Amino acid sequence: MRPPDRYESAPADPIGFDEVFAELPLLHPTPRSWAEIAAAHLPEFLADHAVCEQQVAMYALSLAGYYPEDAELVERTAALAAEEVQHFRRVVAILRKRGWPLGGRRKNPWAQSLRARIVPGREPWTKVDRLLFGAMIEARSCERFTRLLEVVEDQEVGRLLADLGPAERRHWELFYHLAGRETEEAALAARFRGWREFEAGLARGLGLSPAVHG
Ligand SMILES: [Fe+2]
Ligand SMILES: [Fe+2]
């Protein structure tokens, strides 16, 4: 599937939840029951959320390290990393204000299983896969933030999710755009289809823990 060309900036008009879900490249929707559990366990959710933002910032910067000769990639992944650091700081500020602990590194089997699909040293596909991995991370995060936004009653957390959901949507589109410079559109779509199907299989097996990818 081809995302709309929206990665440059946020859309002018907010769009509804169903439209957000319809535009994401996900083949398995997160059940509402996950959002209800996350809403009931906001300290755990936000602690995990903070780590996710931190991790994706570091991943984006690592891409600039892998491909220093790719000026567009370096510029855009660095900008994305800076944005994720801002997201991290916003979540940390909420945790701190409320006296809720920030969690450290923890296992994220969903992300680990996805990342294990990247095979080093097989360019151009390694680069494409590194970018499509980023696209999947961002797309599922956008979906989960939006799912939680549908049910959460905490206004401050609602504002956070309403800001971050659209940002993560732009991010998956950006990763897909960067991957699309490396290969033909049909080949890219087929490659991404493999990622989407694999991710859907993982998502089907997830439990209902109050983690972003839990
Ligand atoms: Fe983020
Ligand atoms: Fe993001």
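Values as computed for the structure displayed
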{"quantity": "For GLN112: the one exception among (1) surrounded by 14 or more Cβ atoms within 10 Å (Cβ to Cβ); (2) within 15 Å of the chain's Cα centre (by Cα); (3) away from ligand 2 (no atom under 15 Å from the Cβ)", "calculated": "(1)"}
{"quantity": "Qualifying residue in the stretch 142-164 (condition: outside any helix (DSSP H, G or I) and either open to solvent by 50 Å² or more (accessible area, probe 1.4 Å) or within 16 Å of ligand 2 (Cβ to nearest atom) (or both))", "calculated": "yes"}
{"quantity": "Cβ-Cβ under 9 Å pairs, at least 6 apart or on other chains, the stretch 49-72 side touching a residue at least 60 places away in the same chain (Cβ under 8 Å) and within 18 Å of TRP110 (Cα to Cα), far side more than 12 Å from ligand 2 (Cβ to nearest atom) and in a loop (DSSP other than H, G, I, E, B)", "calculated": "HIS49/ALA211; CYS52/ASN108; CYS52/ALA211; CYS52/HIS213"}
{"quantity": "Neighbours by Cβ (under 6 Å, 6+ apart or cross-chain): first from the stretch 190-206, farther than 17 Å from PRO31 by Cα; second open to solvent by 50 Å² or more (accessible area, probe 1.4 Å) and modelled with pLDDT of 95 or more", "calculated": "ARG196/LEU27"}
{"quantity": "Selected residue (criterion: surrounded by the fewest Cβ atoms within 10 Å (Cβ to Cβ)) from residues of the stretch 47-73 that are more than 15 Å from the chain's Cα centre (by Cα) and more than 17 Å from GLU83 (Cα to Cα)", "calculated": "GLU69"}
{"quantity": "Complete set of residues in the stretch 4-46 that are buried (at least 19 other Cβ atoms within 10 Å of the Cβ) and modelled with pLDDT under 90", "calculated": "VAL20"}
{"quantity": "ARG169 in a helix (DSSP H, G or I), modelled with pLDDT under 95 and buried (at least 20 other Cβ atoms within 10 Å of the Cβ)", "calculated": "yes"}
{"quantity": "Evaluation of VAL119 against (1) open to solvent by 40 Å² or more (accessible area, probe 1.4 Å); (2) β-branched (Val, Ile, Thr); (3) assigned to a helix (DSSP H, G or I) (one fails), failing number", "calculated": "(3)"}
{"quantity": "Qualifying positions in the stretch 48-73 - away from ligand 1 (no atom under 13 Å from the Cβ) and closer than 19 Å to PRO120 by Cα", "calculated": "LEU61, SER62, LEU63, ALA64, GLY65, TYR66, TYR67, PRO68, GLU69, ASP70, LEU73"}
{"quantity": "Residues of the stretch 75-94 that turn out to be of a type in the set (A, V, I, L, M), open to solvent by less than 50 Å² (accessible area, probe 1.4 Å) and over 21 Å from LEU46 (Cβ atoms), as a count", "calculated": "2"}
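The values are calculated or read from the model by the stated rules, or taken from the named source; none is laboratory data. The model shown is predicted, which means the values in this text are computed figures rather than measured ones. Glycine gets a Cβ as well: all are built from the backbone with ideal geometry, and neighbour counts include every protein chain shown. Remember, those area values only see protein heavy atoms, side chains included, never the ligands or the DNA or RNA. Shrake-Rupley method; radii C 1.70, N 1.55, O 1.52, S 1.80 Å.
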